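The structure appears right after this line, and notes come after that.
The values are calculated or read from the model by the stated rules, or taken from the named source; none is laboratory data. None of the values given here were measured: they were computed from a predicted structure. Heads up, the Cβs are rebuilt from the backbone with ideal geometry, glycines too, and the neighbour counts pull from every protein chain shown.
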Amino acid sequence: MRINSRIGYTTICFLVVLTCSFAMSGCSHTDKASAAKQGTTHTIKNKGSDTMVNLAQAWAEMYTGVSSTALVEVSGGGSGTGVAALINGTVDIANCSRQIKPKELELATQKNSKIPQEFIVGYDALAVYVHQDTPINKITITQLAEIYGEDGTISKWSDLGISHNNCPSDEIIRISRQSNSGTYFYFREALLGKSSDFGLGSLDLHGSKDVVEVIGRTPCAIGYSGMGYATPHVKMLEVATAPGEPYYAPNLKNVLDKTYPIARPLYMYSLGEPMGEVKAYLDWILSAEGQKIVEKLGFVPLTGS
Amino acid sequence: MNILRKRRAANLPFSETVIELFIRLCGISCIIFVFGIFFFVFREGAGFLFNGLDLGQFLTSPEWYPTSLSNKRYGTFALILGTFSVTTLAMCIAVPFGLGAAIFVSEFCGPKLRETFKIIIELLAAIPSVVWGFIGLTLMNQLIIAVFNVPIGLTMLNGSIMLALMSVPIIVSIAEDALKAVPDSYREAAEALGATRWQVVYRVLLPAAKNGLLAAVLLGAARSIGETMAVLMATGHSVNIPSGPLSWIRTLTATIAAELGEVARGDEHYQVLFIIGILLFTITFVVNLIADLVIKGIRQE
């Protein structure tokens, strides 16, 4: 191809730089791995929820500094994938952003003759975000359903009874997530149940962080994301389940006493009563040190700090 | 003829035969890969394509509800329109700039400036698309809000500008080569007849380099249609029938990129995403076919 001779030289330079950096990162990686390997006696396999995958990875990384006898292998794939692997007995711990279904529990018990044990390892609270200049502080689930739902009746800020000076078009810009993320699923179910859908035409962004980033730049926008992602440019709304009900702010206390309506527990499941290294790992996750990481990654730890 | 070739082959040193074989293998592998990819994409999507998918709804309905719990709908009309509109707008921006730059680099600027230009254009080609997407998400977003006074700048225009910036280097490189390939005798003859520099370009060079320039534009367009990350981040990724350059849209490629990571393998939704892949294949094939026919037509003239 004729472009190749043109772009070729630059490309080669880049490739060389890339290869070098890969080689270097590769070296340091193997160093660490071999160092860990010397004392390793057990590998803990951990798989499941994509919502939890960063959290699980952070735990696994920190744990290499805590225990010299265990190495944790983390992979994502979704809650369903994790439970399926648990049923097949190929993982030690399954991560799940929903509770295990009765049918799954039965299958796992049947196949492995061990009953899966449930551990709540943290909470994921979805906050409803608006731009910091939006003159609104509270919202109800009913209103949110009318904003996001397929046949929703609220499309303007004035429909919510506020006059939004920084949003001349008055249109509510709905920020959402790509339609198969766990966050999307959970938010849709919390608002509409299982029988109806979100309306089209929302901006479906690709990450929890992007949602908050875009809302921070868009006075007309409303959106949802994990409560740990808040920035100074956005505001979290207090949420009530229905008009007339009390409003609750998304904070640690309200999530822990289960008054904040859009929060869900994050689960880990082990096959049978955990033993040995697996037990040590789960105990560490539930300890103050492990829970600190939960908070650091934007989730809600089990006990308020 | 055949005997002659055989004799020549017999006289060649062994290494030449090996090299020839190797090069032939490279050529054939290219074809094998294309067919292999097509086969894989088709196999993953075929089950649902022939059994269960309403093709009419797939192509004409704007309702894209792949993860609905009560009523799954797979309509890609809005996505197809998104892909076409963003590509068309990108080409409207990129073609004048790209061809203009190619003409300038090849005909009007001095050798020193030319080298600088080439390096800068190569640099532009080396920027990864996710970086363009990030620029679209942050910088261009703010700029479009400020200039057009719209609530949000993640629009078709934003994506088009990013795509244009990505395809301009390709267009410039190929178009410049095409212009350079026009023999100098053409230029000399035109100048001898008293043509000005612009007349030389407009009346002699452009018609003479037509094929190469068309190839440049089409390769640029192909780059735009296939681009994923930048449009995913810059266009708003919203299922919408576009109503103008400032509406939010979603493209076919971005849909695959955003959703394939989190579907279960073999699921209906998974298969539909591969059917979108087949659709993209078909679109690219048709574009290339048209290009071929057009170029052939020009040749016959």
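Values as computed for the structure displayed
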| quantity | calculated |
| --- | --- |
| Which listed residue is over 21 Å from A:G298 (Cβ atoms), assigned by TED's automatic domain parsing to the domain that holds A:E61 and either within 22 Å of the chain's Cα centre (by Cα) or hydrophobic (A, V, I, L, M, F, W, C) (or both), from A:V74, A:V83 | A:V83 |
| Residues of region A:51-110 satisfying the condition of being without any contact (Cβ under 8 Å) to a residue 24 or more places away in the chain and either among the aliphatic types (A, V, I, L, M) or outside any helix (DSSP H, G or I) (or both) | A:A60, A:A84, A:N88, A:K101, A:L105, A:L107 |
| Selection count where residues are surrounded by fewer than 20 Cβ atoms within 10 Å (Cβ to Cβ), facing chain B (nearest Cβ under 8 Å) and in contact with a helix residue (DSSP H, G or I) (Cβ under 9 Å, 6 or more places away or on another chain), scope region A:168-181 | 1 |
| Test: residue in region A:114-122 that is surrounded by fewer than 20 Cβ atoms within 10 Å (Cβ to Cβ), modelled with pLDDT of 85 or more and outside any strand (DSSP E or B) | yes |
| Residue count for region B:227-239, restricted to those that are touching a strand residue (DSSP E or B) at 6+ places or on another chain (Cβ under 8 Å) and farther than 11 Å from B:M156 by Cα | 1 |
| Set B:P169, B:P151, B:P128: member being in contact with a Cys (Cβ under 6 Å, 6 or more places away or on another chain) and under 30 Å from B:T228 (Cα atoms) | B:P151 |
| Residues satisfying the stated conditions in region B:239-263, i.e. under 16 Å from B:Y74 (Cα atoms), facing another protein chain (nearest Cβ under 9 Å) and in contact with a Gly (Cβ under 6 Å, 6 or more places away or on another chain) | B:N240, B:R250 |
| Considering residues of region B:266-287 that are in contact with a helix residue (DSSP H, G or I) (Cβ under 9 Å, 6 or more places away or on another chain) and within 11 Å of chain A (Cβ to nearest Cβ) only, the residue nearest to B:V34 (Cα to Cα) | B:L273 |
| Top-ranked residue of region A:186-199 - restricted to ones that are without any contact (Cβ under 8 Å) to a residue 60 or more places away in the chain and buried (at least 20 other Cβ atoms within 10 Å of the Cβ), ranked as nearest to the other protein chains (Cβ to nearest Cβ) | A:D197 |
| Conditions (1) among the polar types (S, T, N, Q); (2) surrounded by fewer than 17 Cβ atoms within 10 Å (Cβ to Cβ); (3) within 13 Å of chain A (Cβ to nearest Cβ): number failed by B:Q199 | (3) |
| Considering residues of region A:201-246 that are within 14 Å of chain B (Cβ to nearest Cβ) and among the basic types (K, R) only, the residue farthest from B:V150 (Cα to Cα) | A:K209 |
